[in-house]
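Enquirer: Please read through the structure below; I'll follow up with questions.
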Amino acid sequence: MELVKICLAALAGTYVMTVFSGYVSNRFQHIFKEPVVLSLVLSKLAHNKSLNHISTWEQGVRYLAGLFVVLCYHYIWTHTDIDPTWFCGLIFGIITGLGAIFYWFFLFRVSSVSKARFQDYYLPLVAAYILFAMTVIVVYRVFALFE
């Protein structure tokens, strides 16, 4: 049952992040969508790949990253005295968002996409990860109802 909870939390969290990024992108007319930004970076890194191939990779990378993050959260919750609370979700979301900023900064530099104004992308990224972590908390709390 733990594996189902982890996978569901990763899927739900990644989905909520995607929806939020799409909303922010449309609202502020700027590229805040992780799929679009990741496709841009991957297209720069993989010069001879087709766009369909890149889109498939992008989807896989995003959901695997979400799964990895949830596995990290789960490990902390099961091996420490830290519980999946709302406050914990906020803190984990901020920490994960800051980690994602360093990750994206590195990707932008390596792919030479950094000419664009991607520093505007970082604040919505932290907000998206806070929503991701809160969604994970919701899934964990729903599963706790049935334990």
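Enquirer: Return the total of residues in region 68-122 being modelled with pLDDT of 75 or more and outside any helix (DSSP H, G or I). Walk me through how you get there before you give the answer.
Expert: Residues of region 68-122 that are modelled with pLDDT of 75 or more, as a first pass: 68-106, 121-122.
Pick out the ones that are also outside any helix (DSSP H, G or I) and you get 80-85.
The total comes to 6.
Enquirer: Note down all Cβ pairs under 7 Å where the first residue falls in region 118-147 and is over 14 Å from PHE92 (Cβ atoms), the second is assigned to a helix (DSSP H, G or I) and among the charged types (D, E, K, R), and they're at least six residues apart or on different chains.
Expert: Between residues of region 118-147 that are over 14 Å from PHE92 (Cβ atoms) and residues that are assigned to a helix (DSSP H, G or I) and among the charged types (D, E, K, R), the close pairs are PHE143/LYS5.
The values are calculated or read from the model by the stated rules, or taken from the named source; none is laboratory data. For clarity, every value in this text was computed on a predicted model and none was experimentally measured. All Cβ positions, even for glycine, are placed from backbone atoms using ideal geometry, and neighbour counts span all protein chains on display.
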